[in-house]
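The values are calculated or read from the model by the stated rules, or taken from the named source; none is laboratory data. Note that this is a predicted model, so its numbers are computed, not measured. Ideal geometry is used to build each Cβ from the backbone, glycine not excepted, and the neighbour counts take in all protein chains shown. Side chains included, ligands, DNA and RNA excluded: accessible areas come from the protein's heavy atoms. Shrake-Rupley method; radii C 1.70, N 1.55, O 1.52, S 1.80 Å.
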Amino acid sequence: MTDHPATLESLRDALDTGAMSSRELVEQCLDRVAETEAGLHAFVGLRREGARADADAADARRTRGEVRSPLDGIPLAVKDNMVQTGELTRCGSRILEGFVSPYTATAVARLQAAGAILIGRTNMDEFAMGSSTEHSVFGATRNPWDRGRTPGGSSGGSAAAVAAGLVPGALGSDTGGSIRQPAGFCGIAGLKPTYGRVSRWGLVAFASSLDQIGVLAHTAGDCARLLEAIAGHDPRDSTSLPEPVPRFAEALSGDVSGFVLGLPREYFVEEGVDPEVLNSVRAAVSVLERAGAKVREVSLPHTKYAVATYYLVAMAEASSNLARYDGVRYGRRAEGYDGLTDMYRRSRSEGFGPEVKRRIVLGTYVLSAGYFDAYYRKAQQVRTLLRRDFEEAFRGCDAIATPTSPETAFRLGEKIDDPLRMYLSDVYTVSANLAGIPGLSIPCGFVRGLPVGLQLLGRALDESTLLRVADAFQRRTDHHTRVPPQAS
Amino acid sequence: MREDRAVPAIDPELALANAPERQGFAFVVPKVLEGEDPG
């Protein structure tokens with residue numbers, strides 16, 4: 001494991017000093033994608049000519065002294081569930097074949113306004129339903145650290161693209177861990193902001209009370225810069241919070257003296273977890289203790305209900321959100337149908353993959369008369385208890401530290417036929433989505449050559465603390481500087 | 001809350017741009033006849 005990955009910060013320096021032009025940077029990215037795509041399959045579409053034109057425009061702005069932001073001229077990638085005018089958006093699904101979006105998601109538009117160059121769209125589990133990026137109609141993405149393993153999911157394409165050095169940063173979405181888990185599996189940083197911090201306008205909905213757009217990059221500093229660019233109120237998203245966006249990057253002092261880190265006892269149980277993963281996380285916490293942080297045990301007593309609660313809520317919301325895919329206004333329409341109902345049935349049966357169908361059917365069931373109270377209402381009540389667990393824990397600590405996943409990246413095909421085993425991959429991540437709080441995964445070690453993720457959870461709207469703790473850790477360690485052998 | 005202000009509706013051409021089948025400014029779907037079995 002050698003070399004240092006190119007970060008947003010280092011590329012900005014290269015542009016500022018004239019060592020590289022944005023056009024050269026983009027050509028380098030496109031060349032790297034072409035070299036690695038057969039073995040990695042991180043991308044489902046590239047904007048070659050669009051990216052080149054945008055790069056030329058960025059170079060012209062720089063020449064005129066009109067640089068828009070620290071992201072101006074930097075190539076980035078976007079997960080294929082965030083719409084962009086004139087670009088195909090497929091969400092890893094056959095049912096959206098041929099769909100060209102007439103508008104651009106707010107988060108994507110903000111990156112464009114900042115001058116970032118969007119070079120392409122990354123692979124994902126179908127409609128963000130999955131933890132391995134194997135549930136994609138375009139085929140699986142592979143982990144740059146071991147091509148026989150998954151990159152995690154559902155933002156696996158974005159995570160693999162950053163980890164392999166194809167782009168220095170990418171957007172992902174996180175409904176139950178879909179940024180943090182792939183970030184952990186791929187050895188990079190992944191941040192899910194507070195619910196409402198980033199507009200969901202233009203994010204194809206999976207579970208609307210859980211979905212959040214977030215960022216993937218190598219460093220906490222780069223995550224901070226990306227989050228600054230995309231966060232903020234959007235009147236087109238009624239769940240978008242009005243709070244002003246802090247200057248996240250300016251708070252990264254490296255100083256965590258006096259910070260209190262909570263370790264939830266329920267997350268450090270040996271059963272069902274790779275003991276080496278727990279050891280890596282404990283060692284990471286020790287680094288922060290030596291940096292001046294204090295550690296305290298906390299309790300999140302309703303943790304054992306989190307996965308069940310998450311899947312009940314998520315599937316219920318998914319069944320409602322995916323009702324729009326009916327072959328009428330966009331997407332795939334079946335042939336040979338006999339009447340409207342048959343058209344719906346054939347289009348959806350042909351268009352959705354098995355995992356999406358499973359979730360729609362289960363979600364419809366839990367919302368149905370006779371079962372609504374026992375399942376959906378009960379899940380919402382438990383969700384409140386989970387949120388209160390965090391509120392109580394944060395009375396005594398500034399951030400909570402946990403493993404991101406109970407294991408390192410698993411093999412392709414290992415869990416594809418066992419949905420319950422796949423769902424249990426999310427045991428550490430789902431609670432943050434249910435509670436609406438921010439979560440950040442950073443690499444904290446390697447086990448048998450595979451990255452281990454340290455997850456930091458924070459109070460609502462306190463991404464600054466998470467980024468500060470993560471940055472302090474990265475100033476004292478080098479896990480985030482390592483690149484996969486096959487990518488160097 | 002946003003202002004209660006009338007704004008133009010979506011351009012019909014944009015709304016129909018991805019239609020599997022269209023006729024003028026309408027989406028074409030199979031007929032739904034009275035008495036048809038909804039399945």
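What's the total accessible area buried between chains A and B, using a 1.4 Å probe, rounded to the nearest 100 Å²? The partial results should precede the final answer.
Values: alone 17740 and 4290 Å², together 20840 Å².
Approximately 1200 Å² gets buried when A meets B.
For segment A:264-323, what is the accessible area per residue in Å² when the probe is 1.4 Å? List each step's numbers first, then the result.
On the way: 2700 Å² over 60 residues.
Normalised by residue count, the accessible surface of segment A:264-323 is 45 Å².
Which whole number gives the average, over all residues in A:233-241, of C-beta atoms from other chains lying within 10 Å of the residue C-beta? Don't jump to the answer; show the numbers that get you there.
Working: counts 0, 0, 3, 1, 0, 2, 0, 0, 0.
Whole-number average of other-chain Cβ neighbours for A:233-241 is 1.
Using amide H atoms built in the peptide plane, which far-off residues or other-chain residues are under 5 Å from A:L76 H to H?
A:I117, A:L118, A:I119
Please state, as a whole number in µm²/s, the translational diffusion coefficient that the Stokes-Einstein equation yields for chain A at 10 °C and 1.306 mPa s, with Rh defined as the Kirkwood radius across alpha carbon pairs.
Numbers: Rh = 22.2 Å.
Approximately 72 µm²/s, per Stokes-Einstein.
Using every pair of alpha-carbon atoms in segment A:333-392, split the distances into 5 Å bins beginning at 0 and state the percent of pairs per bin, rounded to integers.
4, 16, 14, 14, 14, 13, 10, 7, 4, 3, 1, 0
I'd like to compare B:2-8, A:416-422: which one has the highest average count of other Cβ atoms within 10 Å, and what's the full order after that? Walk me through the intermediate numbers first.
Values: B:2-8: 5.7, A:416-422: 13.6.
Ranking the peptides B:2-8, A:416-422 by packing returns A:416-422, B:2-8.
Counting only protein heavy atoms and a 1.4 Å probe, tell me what percentage of segment A:354-478's accessible area is made up of carbon and sulfur.
Carbon and sulfur together cover 53 percent of it.
What lysines could a cross-link reach from A:K415, if we take a straight Cα to Cα line under 21 Å and drop same-chain neighbours fewer than 8 places away?
Partners found: A:K357.
Mind listing the phi-derived Karplus ³J(HN,Hα) values for segment A:319-333, rounded to whole Hz, using 6.51, -1.76 and 1.60 with θ = phi - 60°, and x for any glycine or proline?
Going residue by residue, I get 4, 6, 5, 8, 5, 6, 8, 10, x, 8, 9, 6, x, 6, 10 Hz, with x marking Gly and Pro.
Under the rule of at least 5 residues apart or a separate chain, name every residue whose amide H is placed under 5 Å from the amide H of B:R22.
Counting only residues 5 or more places away or on other chains, the set is B:V28.
Amide H to amide H under 5 Å from A:V260: which residues, 5+ apart in sequence or cross-chain, H placed 1.01 Å off N in plane?
A:K294, A:D398, A:A399
Could you give each residue of segment A:184-189 its phi-based ³J(HN,Hα) in whole Hz, using Karplus coefficients 6.51, -1.76, 1.60 with θ = phi - 60°, and x for Gly or Pro?
Once rounded to whole Hz, the list reads x, 5, 9, x, 10, 8.
Rounded to the nearest 10 Å², what accessible area does A:L88 show when all protein chains are kept and the probe is 1.4 Å?
70
How big is D for segment A:392-435, in µm² s⁻¹ as a whole number, if Stokes-Einstein is applied with the Kirkwood radius of its Cα pairs at 20 °C and 1.002 mPa s? Walk me through the numbers on the way to the answer.
Working: Rh = 12.5 Å.
Estimated via Stokes-Einstein, D reaches 171 µm²/s.
Based on the inverse mean of 1/r over its pairs of different Cα atoms, what is the Kirkwood hydrodynamic radius of segment A:88-137, in Å? Before the final figure, lay out the partial values.
Working: mean 1/r = 0.0820 Å⁻¹.
Roughly 12.2 Å, rounded to one decimal.
Quantify how strongly other chains surround peptide B:15-24 by giving the mean number of their Cβ atoms within 10 Å of each of its Cβ atoms. Numbers along the way, then the final one.
Details: counts 3, 3, 6, 9, 5, 11, 3, 1, 0, 0.
Across B:15-24, the average partner-chain Cβ count within 10 Å equals 4.
First compute the accessible area of segment A:162-223 with a 1.4 Å probe, then give the percent of it belonging to carbon and sulfur atoms. Write out the running numbers ahead of the final one.
Working: 320 of 490 Å².
Carbon and sulfur atoms account for 65 percent of the accessible area of segment A:162-223.
Quick check: Cα centre of segment A:41-101 to Cα centre of segment A:424-483, how many Å?
If we compute the Cα centre of each part, the gap is 27 Å.
Going through segment A:241-347, which trypsin sites (Lys or Arg not before Pro) have at most 14 other Cβ atoms within 10 Å and a DSSP loop state? Present the calculation step by step, with values, prior to reporting the outcome.
Numbers: sites: A:R247, A:R265, A:R282, A:R290, A:K294, A:R296, A:K304, A:R324, A:R329, A:R332, A:R333, A:R345, A:R346; in loops: A:R247, A:R329, A:R332, A:R333.
Here the sparse-neighbourhood loop sites are A:R247.
Express the carbon and sulfur contribution to the solvent-accessible surface of segment A:12-109 as a percent, rounded to the nearest whole number, probe 1.4 angstrom.
Values: 1940 of 3940 Å².
Using a 1.4 Å probe with all protein chains present, segment A:12-109 comes out at 49 percent carbon and sulfur.
Out of A:F127, A:G258, A:A109, whose Cα points farthest toward the positive end of the dipole of the protein assembly as shown (charges: +1 Lys, Arg; -1 Asp, Glu; placed on Cβ)?
A:G258
Could you compute how much accessible surface A:T63 exposes when probed at 1.4 Å, giving the result in Å² to the nearest 10?
120
With θ set to phi - 60° and the Karplus curve 6.51 cos²θ - 1.76 cosθ + 1.60, what are the ³J(HN,Hα) couplings of segment A:8-22 in order, to the nearest whole Hz, using x for Gly and Pro?
4, 5, 5, 5, 5, 4, 4, 5, 5, 8, x, 5, 9, 9, 4
Do any GluC sites (Glu not before Pro) in segment A:205-286 lie in a loop, going by DSSP, with at most 13 other beta-carbon atoms within 10 Å of their beta carbon, and if so which? Intermediate results must be reported in sequence, preceding the final value.
Values: sites: A:E228, A:E250, A:E266, A:E270, A:E271, A:E276; in loops: A:E270, A:E271.
Passing sites in segment A:205-286 are A:E270, A:E271.
If you wrap a convex hull around the alpha carbons of segment A:368-488, what volume per residue comes out, as a whole number of Å³?
Details: hull volume 17.4 nm³, N = 121.
That works out to 143 Å³ per residue.
Give me the compactness ratio for segment A:14-123, meaning the Cα radius of gyration over 2.2 N^0.38 Å. Please list the in-between numbers first.
Details: Rg = 14.4 Å, N = 110, 2.2 N^0.38 = 13.1 Å.
Compared with the compact-globule rule of thumb, segment A:14-123 sits at 1.10.
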